[in-house]
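**Student:** Structure incoming, see below.
Just so it is clear, none of the values below were taken in a lab; they were calculated from the coordinates. Every value quoted in this text rests on a predicted model; they were computed, and no experiment measured them. Note that each Cβ is placed from the backbone with ideal geometry, even for glycine, and that neighbours are counted across all protein chains shown.
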Protein chains: 2
Amino acid sequence: MSKELILEKINQAVKILNEKNIDLWLLFVRESGNMKDPMMDMLVGTNCTWQSAYIITKTGDTIALLGSLDVANMRTVGTYKEVHGYIKSIKEKLIEILDRYKPNKIAINFSRNSCVADGLTHGMYLELLSYLDGTDYKDRLVSSEELITALRGRKSNAEIELMKDAIKETLKIFDEVTAFIKPGVTEKEIASFILGLCEKRNFATAWEKDYCPSVFTGPDTAGAHAGPTDRKVERGHVINIDFGVKLNGYCSDLQRTWYVLREGEDKAPEEVLKGFNTIRDSIQIAAKELKPGKKGCEIDDAARNYIVNSGYEEYPHALGHQLGRFAHDGGGLLAPRWERYGDVPFMVIEEGQAYTLEPRLTIKDYGIATIEEEVIVTADGCTFISEPQKEIYLIK
Amino acid sequence: MSKELILEKINQAVKILNEKNIDLWLLFVRESGNMKDPMMDMLVGTNCTWQSAYIITKTGDTIALLGSLDVANMRTVGTYKEVHGYIKSIKEKLIEILDRYKPNKIAINFSRNSCVADGLTHGMYLELLSYLDGTDYKDRLVSSEELITALRGRKSNAEIELMKDAIKETLKIFDEVTAFIKPGVTEKEIASFILGLCEKRNFATAWEKDYCPSVFTGPDTAGAHAGPTDRKVERGHVINIDFGVKLNGYCSDLQRTWYVLREGEDKAPEEVLKGFNTIRDSIQIAAKELKPGKKGCEIDDAARNYIVNSGYEEYPHALGHQLGRFAHDGGGLLAPRWERYGDVPFMVIEEGQAYTLEPRLTIKDYGIATIEEEVIVTADGCTFISEPQKEIYLIK
């Protein structure tokens, strides 16, 4: 991420601190080369070795407190106004900085709900508590989740344009895949074809290459989150592919569905069309519900009920997730009220958020029908930033 | 990491569970594409999306409990004997599995001291506590730090051979750098030359490319952990480079020191030689102290005291760290008794561990002298796996 984008995000963070009336945001991390807090790229722009505190205040100050050998690098990166080094312990200087601001609340990087807001390890939390022992600050720690949800969720126009670029390139690749698929090619060969295009065009994949793309052909596949296999495309298969690229730091995440015509067919069988159209229409129905002020679970309800009322089993996951710099980004989901989703289904949708819409259903004996589109929440609704798939793609 | 290496490490983990009398090891994680527990590569071999529990028992059982859509992928990876999926919540099945073993202790992935043992986020810790609420297991949670320290620390012969390969290639690159350095080239140009060789040979760097290699020329540099700058090599400079490669999953981490001869010189000035030789000799002195049963801080003492008694300031960091699959690996350090190192300086050294030895000192008006070698702890001492630098390298 460029220095300019980081400074823009820090400015946005200051505004959100004021909006939420939190005096100080503390990102507390160590050895980011081994495991990196998901906010480091957006709010810092480099790595650290020892215990490090990155502080943003409501008044607009930015202070990095680092092991002494990390100081020169941080100054070169130049994203924080004050950079301090320590040698023996971070404790003294950290408390000195807190004393300077006497914050009402200190937002720290943990969250039960949101993994992008949960970069503080439990060991580091215990370390922080021991440093703050005997001060008033120990009781002022709150989760930075609501800050991060706002900061990552609300996309600037510049961010939306970058996301559209990634979508455009992904849809172009899907078109090329349509021409490549034929009976006899394996899931792995389709995946290699896609990754070959990425390499040629210098695109990173939006998630791990092992299952980006995910390719599923026919009735006996895993259907999601698994790597491609040696299974061959056959006539009469429904195929779906889940794929995205990361361009200029921003991810796309899209799914499309194909049908491989049998001898003598010139369109897909009724049950395949019914399954595909149910998915396609459930996305439009959910999108009509999606607007600021609603809860994620209400949008999931709309698609889930439509699919169940059409005679299919409900999909075993959420309708959609936010995306941005990660394929799974932001705090809120469009999720059902299941324990594994915690409080997330009840989060309120905000203008500027980017969501996927990705219901699925099984078409018995054929395969999985699923489409994934991307939308941006507007002032009074949402707008598609991917051109929705209207008809199932046919392979002759 | 290959499936065979993962299964070898899981077997080793079972032995360590027996040695430490801990019934069950629970690696509790989520969304590893955004932030990955440092043990995932060694003990799992793939990623997960939702809250996931990877369990290894003292009896040798391995159980993965995953969001349902991650199950197929985990079965394909094939590193766990049992793989279970859940849809709405991980809680019920997790408790059912714990009830099957009724473990005396449950080692979980948090640690105040060791970042490789601290992959459990604080939010996930709170989630786990809430799942275990009302059971006896809540009070049986212990840190898996001692398990991980043993598992990552004790290198098999196969692992040591892979580390030697990485060292060999690194030292070869240092030789080529000696021929490349001349007055007028910049730190950045030296770094580009090294990264060009890596690219040509298909080597990954051992840590982030932004400062791997780190290149420092002359008296006014950061001296460590900073990226290369546009500063030019001049006659009379001491230069040091910190660099390593990652080959077949294992890292090297080495430093070497050069001197750029001034007109009329055919060797380095006295004060440069004294600085270099002090570092070189401090490493041998520390290595003589390094053996199983000693504490890391005792080894650090030996080098630190020698350098201070030779009239230099003490170095602002630890003498050495473990390495392996990460450049900074394992639990123990050869560290001074400073608060920022927590309990780590007091950890006991074990046979089979790999350590760096990397003291440093400033040679006033010339630059930084530092050498980094790698050793393996043997039954009664240690053995160098890097060929130690004996003389300062001269640039004409």
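**Student:** Enter the angle in degrees (range 0 to 90, nearest 10) between the Cα long axis of helix A:157-180 and the first principal axis of the Cα atoms of chain A, meaning the one along which they spread out most.
**Tutor:** 30
**Student:** At 7 Å along the Cα-to-beta-carbon direction for both A:K3 and B:N248, put a label point, then send me their distance in nm to one decimal.
**Tutor:** 4.2
**Student:** Here's a follow-up. Please report A:Y211, B:Y306, B:Y341 as a ranked list, fewest other C-beta atoms within 10 angstrom at the top and most at the bottom.
**Tutor:** With the fewest neighbours first, A:Y211, B:Y306, B:Y341 line up as B:Y306, B:Y341, A:Y211.
**Student:** Something else: Give me the percent relative contact order of segment B:130-250, please, defined on Cα pairs under 8 angstrom at least 6 residues apart.
**Tutor:** 29
**Student:** Helix A:122-132 against the longest principal axis of chain A: what's the angle in degrees, Cα atoms only, rounded to the nearest 10?
**Tutor:** Helix A:122-132 sits roughly 20 degrees off the main axis of chain A.
**Student:** Between B:T186 and A:D230, what is the label-to-label distance in nm when each label sits 7 Å out along the Cα-to-Cβ direction?
**Tutor:** The two pseudo-label positions are separated by 5.2 nm.
**Student:** Enumerate the amide H contacts of A:L247 below 5 Å, restricted to partners 5 or more residues apart or on another chain; note that Pro and chain-start residues carry no placed amide H.
**Tutor:** Those qualifying (amide H under 5 Å, at least 5 residues apart or on another chain) are A:S252.
**Student:** Could you derive backbone 3J(HN,Hα) for segment A:235-244 from the dihedral phi with the Karplus parameters 6.51, -1.76 and 1.60 (θ = phi - 60°), listing whole Hz in sequence and x where the residue is Gly or Pro?
**Tutor:** For segment A:235-244, the Karplus curve yields 4, x, 8, 8, 10, 10, 10, 10, 7, x Hz.
**Student:** A further question on this structure: Report, in deg cm²/dmol and to the nearest 500, the calculated mean residue ellipticity at 222 nm for the protein assembly as shown, where each DSSP H run with n ≥ 4 adds -39500 (n - 2.57) and the sum is divided by the residue count.
**Tutor:** Helix contribution divided over all residues of the protein assembly as shown: -10500 deg cm²/dmol.
**Student:** Which percent of Cα pairs goes in each bin when the distances of the protein assembly as shown are cut into 10 angstrom slices starting at zero?
**Tutor:** Bins of 10 Å from zero give 3, 13, 22, 24, 20, 12, 5, 1, 0, 0 percent of pairs.
**Student:** Continuing with this model, one more query. Mind giving me the FRET efficiency for B:K138 and A:E270? R0 is 51 Å, r the Cβ-Cβ distance, nearest 0.05 is fine.
**Tutor:** 0.40
**Student:** Follow-up question, since we're still on this one. How big is the gap, in Å, between the Cα center of segment A:159-224 and the Cα center of segment B:72-93?
**Tutor:** Result: 26 Å between the Cα centres.
**Student:** How far is helix B:3-20 tilted off the main Cα axis of chain B, in degrees rounded to 10, range 0 to 90?
**Tutor:** Compared with the principal axis, the helix lies near 80 degrees.
**Student:** Of all GluC sites (Glu not before Pro) in segment A:272-341, which ones are in loop regions per DSSP and have a Cβ with at most 12 other Cβ atoms within 10 Å?
**Tutor:** Those satisfying the criteria are A:E313.
**Student:** For label points placed 7 Å from Cα toward Cβ, what is the shortest-first list of nm distances from A:K138 to its copies?
**Tutor:** Label-point separations across copies, in nm and ascending: 2.1.
**Student:** List, largest first, the extents of the alpha carbons of segment A:1-79 along their principal axes, each in whole Å.
**Tutor:** The principal-axis extents, from largest down, are 34, 23, 20 Å.
**Student:** Let me confirm one metric for peptide B:209-219, namely the mean number of other chain beta-carbon atoms within 10 Å of its residues' beta-carbons.
**Tutor:** Per residue, the number of nearby Cβ atoms from other chains is 1 on average.
**Student:** Something else now. Calculate how large, on average over all directions, the projected area of the Cα convex hull of segment B:229-310 is; give the answer in nm² to one decimal.
**Tutor:** 8.4
**Student:** Right, here's the next one. If each residue of separation counts as 0.36 nm, what is the full-extension length gain between A:L171 and A:E339 once their alpha-carbon separation is subtracted?
**Tutor:** 57.0 nm is the gain from fully extending A:L171 to A:E339.
**Student:** Once chain B is represented by equal point scatterers at the alpha-carbon sites, with solvent omitted, what log10 I(q)/I(0) does the Debye formula produce at q = 0.06, 0.08, 0.10, 0.11 Å⁻¹?
**Tutor:** -0.28, -0.48, -0.71, -0.82
**Student:** Can you compute the label reach from B:N11? Point 7 Å from Cα along the Cβ direction, backbone N cut-off under 16 Å, restricted to segment B:62-79.
**Tutor:** Counting backbone N atoms under 16 Å from the label point, the list is B:62, B:79.
**Student:** Give me the distance in nm between label points sitting 7 Å out from Cα along the Cα-to-Cβ direction at B:R75 and A:L129, one decimal.
**Tutor:** 4.1
**Student:** Could I ask something else about it? In whole Hz and in residue order, list the ³J(HN,Hα) couplings for segment A:322-335 that follow from phi through the Karplus curve 6.51 cos²θ - 1.76 cosθ + 1.60, θ = phi - 60°; x for Gly and Pro.
**Tutor:** Per-residue couplings from phi come out as 6, 8, x, 6, 10, 5, 9, 9, x, x, x, 10, 9, 10 Hz.
**Student:** Do you know the relative contact order of chain B, to the nearest whole percent, from alpha carbon pairs under 8 angstrom that are 6+ apart?
**Tutor:** It comes to 14 percent, rounded to a whole number.
**Student:** Right, next: Once you average over the residues of B:35-41, how many Cβ atoms of partner chains fall within 10 Å of each Cβ?
**Tutor:** The shielding value for this peptide is 4.
**Student:** Which cross-chain or sequence-distant (5 or more) residues have an amide H under 5 Å from the amide H of A:H237, H modelled 1.01 Å from N in plane?
**Tutor:** So A:H237 has HN proximity to A:V260.
**Student:** Right, here's the next one. If you project the alpha carbons of segment A:69-122 onto their three principal axes, what span does each projection cover, largest first, in Å?
**Tutor:** Projected onto its principal axes, the Cα set of segment A:69-122 covers 35, 26, 23 Å.
**Student:** Mind listing which trypsin sites (Lys or Arg not before Pro) in segment B:246-320 are in a DSSP loop and have 13 or fewer other Cβ atoms within 10 Å?
**Tutor:** B:R262, B:K267
**Student:** Follow-up question, since we're still on this one. Can you grab the distance from the C-alpha centre of segment A:278-306 to the C-alpha centre of segment A:335-396, Å, no decimals?
**Tutor:** Going from one Cα centre to the other spans 8 Å.
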